[in-house]
Amino acid sequence: MNKNDWYNTESWYAPIQQEPERSASAAPIKKKKKAWKSWHVLAIVGLVALLIVGSSLIFGGSGKEKLPDDPQDWGDEQLPDDWKDFFENFYTGIETDIARIDIPRSELFPDFTLSLEKAEGEELDLQQLYERCADSIVAISGYREGRAGYYWGTGVIISEDGLILTNTHVIDDCDSATVMLYDDSEYEAKLVGADSINDIALLKIDAKGLPAAVFGDSSSLMVGDRVAAIGNPLGQTFRGTLTDGIISAIERGIGYNGHSMTLLQTNTAINEGNSGGALFNMYGQVIGITNMKMRSSYSSIEGIGFAIPSATVQSVVNSIARYGEMRGRPAIGITVGAIPENAANHYKLPEGVYISDVSKGSDAEAKGIQIGDIILEVNHTPVKTTGEINDIKNELQVGDTMLFTIWRNGETLEIEVVLMDLIDIYGG
């Protein structure tokens, strides 16, 4: 990941943590006033003095020119002598965080299939959509023994006999979970399986005759299509909140958990607690699972939210139901990124894609691919972006090979790498 982004995605990896409700008859908690002590005064005086000295250094300057925060903006005279030193500043390490979920396991459901249906008939208005769809949305509370409060999120009923879909991050670090239905009935949940990379988890409750949501095909969406979200933002008080908007972008690449997700972008209002909820088309079909929004510490960002497309959800859910995990995703085992123009010109580097990390246990590591290598071609096709490499990889399957033409310290090498199952490299 380069340091060029002034924004980031907020995926609520620690979902809303609700404190236990106090009884109405409980006595109010009174805060004690603390008496000022002499050491308090001395500490404050010392802190003020330190701030004054620090300010004089900051505003007076150290006599050295301050480098731009983004190495992409460094001029020739500011670039390190060694091009590898530049890339150590430009790329920061990315760690894949595998969810820790200790919820008791359910049996698997190898015969279950999540199907995507065509949109047919007349579009619904918002009142009709809510009446038809709201009962398929549930509230999820996650707990860990010994920790006060609980985590809060949203889920979608996907089978009449109690399969519940949500985001993995909603139940991360939990050892138990409950599901509250539309009628306020509450059930203990078991874990069928979870996938950290696609942020999809499947729970099971012991219930029958539930109103399962209907799923539509996200691949038929167009920018400007109207959509609506139903979820549980900001805690139990706002359960079953309906918001609406449009599809703002179809295939938005967003970095998440050390990988890139291809998500739907929407201006529909989603907030903490909406995670795991449904994004509906106007036919009442789930076409996405809301999981993150954009935020910035520099300015206000509104109306940029994201949802996992139903086409992705379908493949992940069906694999989890059958195996308890997501299988079959081809992975190379490298982290790559574009080469900034200033570095390419200054160091006279070839056109290609820079390798910033090689995953342990991958065939790429076994075949000798190294950090600092520059990929010139894949399968004899020149590449300049991460997307171009992914486009080639995504046409292949686990066990297939990719031929990399690599530049390394002035030499050109050809290395053939066998694609492995992503879960075997990074885990679930």
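Quick notes on this one:
- Neighbours of PHE109 by Cβ distance under 10 Å: Lys/Arg scored +1, Asp/Glu scored -1, total -1.
- At most 11 other Cβ within 10 Å, DSSP loop - GluC sites (Glu not before Pro), the stretch 373-406: GLU395
- Extension gain for ASP184-ASP85 works out to 29.8 nm (0.36 nm per residue, less the C-alpha to C-alpha distance).
- Relative packing of 318-327, 340-349, 302-311, 121-130, which averages over residues the other C-beta atoms within 10 Å, highest first: 302-311, 318-327, 340-349, 121-130
- Counting only Cα atoms, the size of the stretch 345-419 along its three principal axes is 38, 23, 18 Å, in decreasing order.
- The stretch between ASN345 and ALA249 holds 31.2 nm of extra length on full extension. This uses 0.36 nm per residue minus the Cα-Cα distance.
- Protection proxy ranking, highest mean first, for peptides 278-285, 239-246, 405-412, 206-213: 278-285, 239-246, 206-213, 405-412, where packing is the per-residue count of other beta-carbon atoms within 10 Å, averaged.
- The local environment of ARG144, defined by Cβ-Cβ distances under 11 Å, has a net charge of -3 under the rule Lys, Arg +1 and Asp, Glu -1.
- Loop chymotrypsin sites (Phe, Trp or Tyr not before Pro), the stretch 166-224 (other Cβ atoms within 10 Å of the site Cβ: 16 or fewer; DSSP): TYR182
- Relative contact order (percent, whole number), the stretch 88-211, Cα cutoff 8 Å, 6+ residue spacing: 29
- Projected area, mean over directions - the stretch 126-323, Cα convex hull, nm²: 11.3
- Sorted from greatest to least, the principal axis extents spanned by the alpha carbons of the stretch 280-383 come out as 55, 43, 26 Å.
Here, each number is a calculation from the coordinates, and none is a lab measurement. Keep in mind that this is a model prediction, so the values were computed, not measured. Here the Cβ is made from the backbone with ideal geometry for all residues, glycine too, and neighbour counts use every protein chain on show.
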